[in-house]
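The values are calculated or read from the model by the stated rules, or taken from the named source; none is laboratory data. On a predicted model such as this, the values are computed, not experimentally measured, just so you know. Here the Cβ positions follow ideal geometry from the backbone for every residue, glycine too, while neighbour counts run over all protein chains shown. What goes into the accessible areas is simple: the full protein's heavy atoms, side chains included, and nothing from ligands, DNA or RNA. Shrake-Rupley method; radii C 1.70, N 1.55, O 1.52, S 1.80 Å.
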Amino acid sequence: MLIRTLYTLLLLLVAPFFLYGLYKTKANKPKFGKRWIEHFGFTPKLKDSNSTPLWIHTVSVGEVIAATPLIKSLKQQHPNKVIVVTTTTSTGAAEVAKLGDLVEHRYMPLDFSWAVKRFIKTVNPTALLIMETELWPNTLHTAHQYNIPISIINARLSNRSYLRYKKFQFIFNLLAKNIDQLLCQTEADAQRFRLLGLDKEKIEVTGSIKFDITITDKIKATGEDLRSELGKKRPIWIASSTHQGEDELILKAHKRLLKTVPDALLMLVPRHPERFSSVTALSQDSHFNTISRTSKQTLTESTSVYIADTMGEMLILIGAADICFMGGSLLGKKVGGHNLLEPAALAKPCLTGPSFYNFKLITEQLVESGGCIVCYTEDEIADNLLKLFADKDKAQEMGRSALAVVNKNKGALTRTLQQLSLITLN
């Protein structure tokens, strides 16, 4: 009780700064509007106020995308079950909106007991599924008080996080006692949780549901249509989910590539929508013939950089490219990379920077299989692009190897559903 009280006092101090960053107006960022009060537990009633829904928490866009196959499968198995998906961010909310009537969206209350209680009383959930390891002490404690079973899905615990929890074991103990089920991505994740003292009976290894990615015929066809617009024969590469500080490196690599492959096109996709305009300006200032996806400009043979300034089209964009470089991986420990499974599922040869600790297992499997190459500098990015554009057989072989990794690891979704049926969905 004392520890949670101290934690809550600390949360009171940092909440204003967190909320400032969350609500700050940024270009191309969806606005919260009047719905900001939901973060304080003032949650609108569901369409069917008498329902007892399943509550799935996904922080933002990445978690929503990862949870989507699970949500669709749950809905197929339990068509009459109402599903409420909470997100913290407005970009996550925009991604949930794509699920249409399958779910109802609400913003996640801040981790104050009174806010979580108000949410629970309004929504009346029968179970809580949390994607990955988004663990909040007061949320877990309050849900447990209301006898709501809590399952952690796709759980992962890096060695860095394990060591951090180990230093503050008392905090992890606060969390662990309220968890009913922990479904881990790997045996290594499970072992770290065991070493922290989580009840072994609560832990299962189900694999990563991110491998159960489905590329629809519609997405493939739309990607092919975009490729036709960009140029069927010209070499195209995509730098996906780049962060501030990486775009300059990517553009330097592209400038070097153009010296040998003058008709090459770079699709540059900033991770955060508020950076679309600044990255477009950066490309123009770097003397590239640049157009953006949302502009009415016509792409010509002289266009060398295409800024993808839209949301939710990553699979289509990657589908239109020959090679994919994954951003968030050139900034040391600052970001830790992004998920390479989307280009792998599309059988694209993958490149990444050396910092990919957030997706260590996935990336290492892709590298070991020959489906991905780690590039430490912009020169190495350019060198590998040159080799792959010059050797199409090698590029196709890498793509097939990447796809094989995805296919080999599928099945986590089925295992996850089986485990959930034992506790959460009984």
Subject >> Evaluation of Pro30 against (1) at pLDDT 85 or above; (2) of a type outside the set (Ser, Thr, Tyr); (3) more than 15 Å from Lys121 (Cα to Cα) (one fails), failing number >> reply: (1)
**OP:** Might you check whether a residue that is surrounded by 20 or more Cβ atoms within 10 Å (Cβ to Cβ), modelled with pLDDT of 95 or more and under 19 Å from the mean Cα position of the chain (by Cα) occurs anywhere in region 107-119?
**Re:** yes
Subject >> Test set (1) within 17 Å of Trp55 (Cβ to Cβ); (2) in contact with a Pro (Cβ under 8 Å, 6 or more places away or on another chain); (3) open to solvent by less than 50 Å² (accessible area, probe 1.4 Å) - Gly92 fails condition number >> reply: (2)
Original post:
Using beta carbons and a limit of 7 Å, which pairs, at least six apart or on different chains, have the first residue in region 191-208 and under 18 Å from Thr414 (Cβ atoms) and in contact (Cβ under 8 Å) with a residue 12 or more places away in the chain and the second one small (Gly, Ala, Ser) and surrounded by fewer than 19 Cβ atoms within 10 Å (Cβ to Cβ)?
Top reply: Gly207/Gly411
Original post:
Is it true that Thr280 is in contact (Cβ under 8 Å) with a residue 12 or more places away in the chain, assigned to a loop (DSSP other than H, G, I, E, B) and among the hydroxyl-bearing types (Ser, Thr, Tyr)?
Top reply: no
Original post:
Within region 147-166, how many residues turn out to be on the phi > 0 side of the Ramachandran plot and assigned to a strand (DSSP E or B)?
Top reply: 1
Subject >> Matching residues, region 247-274, being buried (at least 20 other Cβ atoms within 10 Å of the Cβ), in contact (Cβ under 8 Å) with a residue 40 or more places away in the chain and closer than 22 Å to Gly312 by Cβ >> reply: Ile250, Leu265, Leu266, Met267, Leu268, Val269
**OP:** Scan (1) surrounded by fewer than 18 Cβ atoms within 10 Å (Cβ to Cβ); (2) among the aromatic types (Phe, Trp, Tyr); (3) within 23 Å of the chain's Cα centre (by Cα) for the single condition Phe193 breaks and write down its number.
**Re:** (1)
Original post:
in contact with a Gly (Cβ under 9 Å, 6 or more places away or on another chain), surrounded by fewer than 20 Cβ atoms within 10 Å (Cβ to Cβ) and part of a loop (DSSP other than H, G, I, E, B): does that describe Ile215?
Top reply: yes
Original post:
Only one of Lys98, Lys75 is over 14 Å from Leu128 (Cα atoms), open to solvent by 30 Å² or more (accessible area, probe 1.4 Å) and touching a helix residue (DSSP H, G or I) at 6+ places or on another chain (Cβ under 7 Å); which?
Top reply: Lys75
Subject >> region 292-318 - residue that is touching a residue at least 60 places away in the same chain (Cβ under 8 Å) and over 20 Å from Lys98 (Cα atoms) and, of those, nearest to the chain's Cα centre (by Cα) >> reply: Tyr306
Subject >> Answer residue from region 142-163, given it is surrounded by fewer than 19 Cβ atoms within 10 Å (Cβ to Cβ) and over 23 Å from the mean Cα position of the chain (by Cα) and is farthest from Gly197 (Cα to Cα) among those >> reply: Tyr146
**OP:** Determine whether region 223-236 contains at least one residue that is in contact with a helix residue (DSSP H, G or I) (Cβ under 9 Å, 6 or more places away or on another chain), in a helix (DSSP H, G or I), open to solvent by 10 Å² or more (accessible area, probe 1.4 Å) and small (Gly, Ala, Ser).
**Re:** no
Original post:
How about region 164-179: which of its residues are open to solvent by 50 Å² or more (accessible area, probe 1.4 Å) and in contact (Cβ under 8 Å) with a residue 60 or more places away in the chain?
Top reply: Phe170, Ile171
